[in-house]
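Shown next, in structure tokens, is the structure this report addresses.
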Amino acid sequence: MREPHPKRKNYLGIMGWIWGGNYRIERYLYTLHRVTGLGILLFFLVHLCVTTFFRMQQQSWEAAMEILHNPWFKLGEYLVVLAFAYHSLNGLRLIIQELGFGMGKPAPPIYPYRDSLRKSRRWSMALVGTAALIALVFLYDFLVGG
Amino acid sequence: MKELSSKNITFKIRRYNPEKSNKTHFATFVVPTTRGMTVLDALLYIKENLDSTLAFRTSCRMAICGSCGMLINKYPHLACHTQIEELKTKTVTVEPLPNLPVIKDLVVDLSPLFEKHKLVKPYIIRADRPEMDNPTAEFAQSPEELESFLQFTYCVKCGICISACPTSATDKQFLGPQALAQCYRYCTDSRDDGERERFLLADSENGIWHCHLAGACSDACPKGVDPALAIQLLKRQLVARATNLLGKRELTPLVTPPVHSKPKLPFPQFTVNDKTDAREG
Ligand code: HEM
Ligand code: SF4
Ligand code: FES
């Protein structure tokens, strides 16, 4: 007997998180939630390191502050605010929906299908929209303030 | 009858033949299409007229058997359930479903789906084994109880939800939307008492907590099964049981069927007489 033919592995992999097809927005919010979660985590780690300088000598604290006044760090700070606004509000949406609330009841599938996420669009996207609003307010603050 | 006007559409099909090469390539075919023609019709046209070596799976050609799932213009569809016209493109790319191993051309190996489906024990489980084997009565189930899972019974095991799911894209072991939705379908059936067995699996490392509600499964499911809803309801059931918020589960009672049933209806008259059967002339 001949050996069975090798099957081609066809997993989309991590690239599939970034682009998987013309799906609705939630599939990409999944990726964004993960990225922002890791971003905030990274911020906390850096934050922890920097604040320990404060307990050491004054010079090292000031040196650290000097670096943090760099515009790139300002941008980073701004991104952390955005990430936090998005992650917390979308996290709230996930907690509610993953416990099956606001998803509606199972319904007979009659064409055109309206699945549970499509039914709860209004309020779930309102949460994400609020995150976008907060982002805009802080963008104004970031550009005008400093 | 008026001839239907025909339009030439280019089909770009991702081909893979492990006997020749371990690489894939796109083959291009031009197919004259008419209104109402499906992508499956075009594939059959190619196989019959242009290249008989093209491999794809099909059976029912009416969205019932779940054989013909494929990636059409970068979105998973049933080929028999997708009209070429609705795609609104001059070129149609057809590729095998991602997140499943490819055997040849557009034929994917669905056995990971079937194995995971089997794992969730997709059948009624009850403690009263003798009654299951030799039933003396019927399970009473109200229409509301039926509707609580009916939608999820329409699954045709096509694998489209698995190819849409971003978790399945990176995690081979993940049970996947199809199996988890069927897990809920049986757990919430009022006749079933297998919750504890299935929860063990759903709550496992490869189970339900890897679902982060991307919702792509429900977006793509060609049968309107809404696996994402089933999975979130299953999460809720798990949390409710763990926190004891739902109280005890009530199984439907056994109801003895009426002893004196109505007389059977007489068998309908044949409309075609035996002797004048068309076959005999
Ligand atoms: C108001 C605050 C927060 C809320 C409401 C929240 C909510 C959530 C929820 C519900 C999830 C699970 C989502 C899912 O099922 O996919 C999650 C995941 C996660 N969160 Fe948060 N979170 C918050 C703050 C944070 C902070 C401060 C950090 C970082 C230190 C963080 C890091 C993460 C990470 C890394 C994940 C995993 C993402 C994944 O696996 O996709 N979160 N968050
Ligand atoms: S849930 Fe839908 S997409 Fe998934 S296998 Fe069943 S019919 Fe196909
Ligand atoms: S051929 Fe049966 S579902 Fe398409």
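The values are calculated or read from the model by the stated rules, or taken from the named source; none is laboratory data. Since this is a predicted model, take the numbers as computed values, not measurements. Counting neighbours? That spans all protein chains shown, and the Cβs are built from the backbone with ideal geometry, glycine included. The protein model used for the area step is the full one, side chains on, heavy atoms only, and it has no ligands, DNA or RNA in it. Shrake-Rupley method; radii C 1.70, N 1.55, O 1.52, S 1.80 Å.
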Of B:98, B:135, the only residue that is part of a loop (DSSP other than H, G, I, E, B) and either under 20 Å from residue B:59 (Cβ atoms) or touching a strand residue (DSSP E or B) at 6+ places or on another chain (Cβ under 8 Å) (or both) is B:98
Restricting attention to the stretch B:58-105, which residues are away from chain A (no Cβ under 11 Å), within 8 Å of ligand 3 (Cβ to nearest atom) and on the phi < 0 side of the Ramachandran plot?
B:58, B:59, B:60, B:62, B:64, B:65, B:67, B:68, B:69, B:78, B:79, B:80
Give me the pairs, please: first residue somewhere in the stretch B:217-246 and β-branched (Val, Ile, Thr), second residue anywhere and within 16 Å of ligand 2 (Cβ to nearest atom) and open to solvent by 30 Å² or more (accessible area, probe 1.4 Å), beta-carbon distance under 6 Å, and either six or more positions apart or on two chains.
B:225/B:154
Condition (residue is away from chain A (no Cβ under 12 Å), surrounded by fewer than 24 Cβ atoms within 10 Å (Cβ to Cβ), assigned to a helix (DSSP H, G or I) and away from ligand 3 (no atom under 16 Å from the Cβ)) applied to the stretch B:165-188: is it met by at least one residue?
yes
Condition (residue is in a helix (DSSP H, G or I), hydroxyl-bearing (Ser, Thr, Tyr) and at the interface with chain B (Cβ under 7 Å from one of its Cβ atoms)) applied to the stretch A:3-21: is it met by at least one residue?
no
Any idea which of A:67, A:110 is more than 14 Å from chain B (Cβ to nearest Cβ) and either open to solvent by 90 Å² or more (accessible area, probe 1.4 Å) or assigned to a loop (DSSP other than H, G, I, E, B) (or both)?
A:67
Being open to solvent by 70 Å² or more (accessible area, probe 1.4 Å), of a type in the set (S, T, N, Q) and away from ligand 2 (no atom under 12 Å from the Cβ) narrows B:142, B:52 down to just B:52
Keeping to the stretch B:45-58, report how many residues are more than 15 Å from residue B:108 (Cα to Cα) and either touching a helix residue (DSSP H, G or I) at 6+ places or on another chain (Cβ under 8 Å) or assigned to a loop (DSSP other than H, G, I, E, B) (or both).
3
May I ask you to list pairs of residues, at least six apart or on different chains, whose Cβ atoms are under 6 Å apart, with the first in the stretch B:125-138 being modelled with pLDDT of 80 or more and among the acidic types (Asp, Glu) and the second being surrounded by 10 or more Cβ atoms within 10 Å (Cβ to Cβ) and assigned to a strand (DSSP E or B)?
B:138/B:255
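Considering every residue within the stretch B:213-224, establish whether at least one is within 16 Å of ligand 3 (Cβ to nearest atom), small (Gly, Ala, Ser) and assigned to a loop (DSSP other than H, G, I, E, B).
Yes.
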I need the full set of residues from the stretch B:191-217 which are within 14 Å of chain A (Cβ to nearest Cβ) and more than 12 Å from the chain's Cα centre (by Cα), in order please.
B:202, B:207, B:208, B:209, B:210, B:211, B:212, B:213, B:214, B:215, B:216
Just to be sure, is residue B:55 of a type in the set (Gly, Ala, Ser) and at pLDDT 95 or above?
yes
State yes or no: is residue B:58 hydroxyl-bearing (Ser, Thr, Tyr), outside the structural domain of residue B:218 (by TED's automatic domain parsing) and away from ligand 2 (no atom under 16 Å from the Cβ)?
no
Check the stretch A:84-105 and report whether any residue there is closer than 30 Å to residue B:63 by Cβ and open to solvent by 70 Å² or more (accessible area, probe 1.4 Å).
yes
Please work out which residue is surrounded by the fewest Cβ atoms within 10 Å (Cβ to Cβ), limiting yourself to the stretch B:218-250 and to residues that are more than 8 Å from chain A (Cβ to nearest Cβ) and within 14 Å of ligand 2 (Cβ to nearest atom).
B:222
Residue among B:82, B:93, B:89 that is open to solvent by less than 20 Å² (accessible area, probe 1.4 Å), among the hydroxyl-bearing types (Ser, Thr, Tyr) and more than 16 Å from ligand 1 (Cβ to nearest atom)
B:82
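Is one or more of the residues making up the stretch B:61-73 under 24 Å from residue B:217 (Cα atoms) and over 21 Å from the mean Cα position of the chain (by Cα)? I'd like the intermediate steps shown before the answer.
Pass one, the stretch B:61-73, residues under 24 Å from residue B:217 (Cα atoms): B:61-73.
Okay, now just the ones that are also over 21 Å from the mean Cα position of the chain (by Cα), so none.
No, the stretch B:61-73 contains no residue that is under 24 Å from residue B:217 (Cα atoms) and over 21 Å from the mean Cα position of the chain (by Cα).
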Pairs please, first residue from the stretch B:152-163 and touching a residue at least 40 places away in the same chain (Cβ under 8 Å) and of a type outside the set (A, V, I, L, M, F, W, C), second anywhere and near ligand 3 (Cβ under 10 Å from one of its atoms) and not in a helix (DSSP H, G or I), Cβ atoms under 6 Å, 6+ apart in sequence or on different chains.
B:154/B:223; B:157/B:66; B:159/B:69
Quickly run through the stretch B:148-162 and pick out the residues that are more than 8 Å from chain A (Cβ to nearest Cβ) and part of a helix (DSSP H, G or I).
B:153, B:160, B:161, B:162
Hey, among A:58, A:97, which residue is without any contact (Cβ under 8 Å) to a residue 40 or more places away in the chain, of a type in the set (S, T, N, Q), more than 16 Å from ligand 2 (Cβ to nearest atom) and out of contact with any helix residue (DSSP H, G or I) (no Cβ under 8 Å at 6 or more places or on another chain)?
A:58
